[in-house]
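To start, the structure under review is shown below, and the notes come after it.
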Amino acid sequence: MLRILAKTIVWFVAISVGLTVLYRFVPPPVTVTMVMDGNGITKDWEPLSRIDRNMVAAVVAGEDGKFCSHSGFDTEAIEKAIERNARGGRLRGGSTISQQTAKNVFLWQGEGWTRYLRKGLEVWFTFLIENLWDKRRIMEVYLNVAETGIGTYGVEAGSQRYFGKSAANLTPTEAARMAAALPSPKTRAVKSPSGFTRRYGNTIAARIGTVKRDGYDACVYQ
C-alpha cells in the first residue's frame, strides 16, 4: 500500500508539473469546467497583447488588488473570508487571480465535500503556476479561461457576445461590467446590469484609473 501511495504521489507530481510547464507556452485546450458545461462551449483564445489594458485593470480592481505583490495567496483576504464565514451565511472566499486560474485550468468548480478536496489541490497548482509562470502568463491564461457567461469562456468570447467587438477595444465601463459579473457569470448581467452588479461595475470602473496610475497591474506589462 505504501509503495502504491508513493508511486501515485510521484506520478501526480510529475504530471502536474509537466502540464504546468506545457501551459506556460501552450494555451490549455479545454478545462474540466468547460467539459462539464451542458450549455456548450464558446471560446476564442487571444494573447494578452490583443486584450485591452482596461480589462486587466478591471479584474485587478475587482478580483485581486494585490495581484502584483503577492506570491499566489492574499493572507489578509483569506483571514477576512474566514471571519465572515464563521459568522454564518453564504460561504465567501478570498481567492486571488492566481488561485482562480489554478482552479479554472486544472481543477473543477464543485460544492460539498469535493470543494475541500479541490481547495487542497488548488494550493498546489497555485504554487506551481506562481513559480513556473510569470504574472503576465497567469493573467493571460485567466482572461482566456474564465467563464464570462452561459457557455462562454474568456474575455474575447465575452466581449463579442455582449458588445459585438474585440476585447482589444473595451472601454473602462465595458471592462468593469464584465469583471463585475465574473464571480457569478451565469446569473449576473453584463449588458444592462441592475442592482448590485451595476453598482459593483461602477465601483470597478472608478478604480481602473487608479490601478493604472499606481501600477497595481505593472507586473503584467514589465
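The values are calculated or read from the model by the stated rules, or taken from the named source; none is laboratory data. Just so you know, these numbers come straight off a predicted model, no measurement behind them. Backbone-built Cβ (ideal geometry, glycine too); neighbour counts: all protein chains shown. Quick note on the areas: whole protein, heavy atoms, side chains included, nothing else; ligands and nucleic acids left out. Shrake-Rupley method; radii C 1.70, N 1.55, O 1.52, S 1.80 Å.
Being over 30 Å from residue 165 (Cβ atoms) and open to solvent by 50 Å² or more (accessible area, probe 1.4 Å) holds for only one residue in 10, 26, and it is 10.
Pairs are defined by a Cβ separation below 6 Å, a sequence spacing of at least 6 or placement on different chains, a first member in the range 160-176 that is open to solvent by 40 Å² or more (accessible area, probe 1.4 Å), and a second member that is assigned to a helix (DSSP H, G or I) and among the hydrophobic types (A, V, I, L, M, F, W, C); the pairs so defined are 172/205; 172/208; 173/205. Scan the range 92-137 for residues that are open to solvent by 20 Å² or more (accessible area, probe 1.4 Å) and β-branched (Val, Ile, Thr) and the total you get is 2.
With the condition kept exactly as written, say whether any residue in the range 130-138 is more than 22 Å from residue 60 (Cα to Cα) and part of a helix (DSSP H, G or I). So that I can check it myself, show each step before the final result.
Filtering the range 130-138 down to residues more than 22 Å from residue 60 (Cα to Cα) leaves none.
Scanning the range 130-138 turns up no residue that is more than 22 Å from residue 60 (Cα to Cα) and part of a helix (DSSP H, G or I).
The set of residues from the range 50-70 being farther than 12 Å from residue 182 by Cβ, open to solvent by 10 Å² or more (accessible area, probe 1.4 Å) and assigned to a helix (DSSP H, G or I) comprises 50, 53, 54. All conditions in (1) outside any helix (DSSP H, G or I); (2) crowded, with 17+ Cβ neighbours inside 10 Å; (3) touching a strand residue (DSSP E or B) at 6+ places or on another chain (Cβ under 9 Å) hold for residue 33, with the sole exception of (1). Residue pairs whose Cβ atoms lie under 8 Å apart, sitting 6 or more positions apart in sequence or on different chains, and linking a residue in the range 117-143 that is closer than 17 Å to residue 18 by Cα to a partner that is open to solvent by 50 Å² or more (accessible area, probe 1.4 Å) and of a type in the set (Lys, Arg), are 132/24; 133/24; 137/24.
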